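Below is one structure, written out as structure tokens, with a few remarks after it.
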């Protein structure tokens, strides 16, 4: 799939895998048809320094964030005066870059940032419902379980942590990396009671 003119920093699939969103340093989000490889929508960004993108499971919204220190949410079913997806929320209040974002549902989003925090936002009100220090360094990656009840974070403190969305204390902290944990991914198809995930440094 070709269309960006600069580095693509993040990609995320829709819940049905029929579409994906990509974020690039060219200052654009692109919504793609994953079957045909064609562009569906191009969304111009106010800041080109995007680090993370997220697709809501319903397919109704996408979000992004980066060096602008905020999480921006777009409604794919409504357009602004230019014809692009309508910007519905700008979630500010971070003291560091916005490194990762994931929708729990259409009206709730989870974010990780360079101020070492995890935040949960109510998108109807635009207010934080959860805000706490999650690591001893920048939080750089978040991955949700398929049921949305647990998630994993990776950090420059060389650890990854397993969380319950209802709790602000990690269920488990994993050690073993000798440098930053830049990417985590929960296995969505594994069966049984164990949690499996990949990490990357």
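Relative to the present Cα-Cα distance, how much length would full extension add between residue 128 and residue 47 at 0.36 nm per residue of separation?
Numbers: separation 81, 0.36 × 81 = 29.16 nm, distance 2.24 nm.
Here the segment from residue 128 to residue 47 would lengthen by 26.9 nm.
Viscosity 0.692 mPa s, temperature 37 °C: give me the Stokes-Einstein translational D for the range 1-49 in µm²/s, with Rh taken as the Kirkwood radius over C-alpha pairs. Kindly include the intermediate steps, with their values, before the conclusion.
Values: Rh = 10.8 Å.
Estimated diffusion coefficient is 305 µm²/s.
Can you tell me the alpha carbon radius of gyration of the chain divided by the globular rule-of-thumb value 2.2 N^0.38 Å?
Details: Rg = 16.1 Å, N = 201, 2.2 N^0.38 = 16.5 Å.
My calculation over the Cα atoms of the chain gives 0.98.
On alpha-carbon atoms, Rg over Rh for the range 1-89 using Kirkwood Rh? Provide the component values of the computation, followed by the final result.
Numbers: Rg = 11.7 Å, Rh = 12.7 Å.
Reported Rg/Rh, Kirkwood definition of Rh: 0.92.
Pull out a ≥ b ≥ c, the square roots of the eigenvalues of the alpha-carbon gyration tensor of the range 38-107, then state rounded if a/c is under 1.5, prolate if not and a/b is larger than b/c, and oblate in the remaining case.
Values: a/c = 1.76, a/b = 1.37, b/c = 1.29.
Here the range 38-107 falls in the prolate category.
Could you tell me how far the Cα centroid of the range 90-159 sits from the Cα centroid of the range 31-47, in Å?
24
Please compute the modelled spin-label separation between residue 11 and residue 107, points set 7 Å along Cα→Cβ, answer in nm with one decimal.
Taking the simple label geometry, residue 107 and residue 11 are separated by 3.3 nm.
Mind ordering 109-115, 34-40, 131-137 by average Cβ neighbours within 10 Å, highest first? Walk me through the intermediate numbers first.
Working: 109-115: 23.7, 34-40: 11.7, 131-137: 15.3.
Descending mean neighbour count gives 109-115, 131-137, 34-40.
Full-extension gain between residue 147 and residue 77, please, as 0.36 nm times their residue separation minus the C-alpha to C-alpha distance.
Numbers: separation 70, 0.36 × 70 = 25.20 nm, distance 2.49 nm.
Here the answer is 22.7 nm.
Work out, step by step, the length gained on full extension between residue 67 and residue 2: first 0.36 nm times the residue separation, then minus their alpha carbon distance; give nm to one decimal. Walk me through the numbers before you get to the answer.
Details: separation 65, 0.36 × 65 = 23.40 nm, distance 2.43 nm.
Gain on extension, residue 67 to residue 2, equals 21.0 nm.
All of the numbers you see were taken from the coordinates with simple rules; none came from a lab. Note that the coordinates shown come from a computational prediction; the quantities given were computed from them, not determined experimentally. Please note: Cβ atoms are built from the backbone with ideal geometry, for glycine as well, and neighbour counts cover all protein chains shown.
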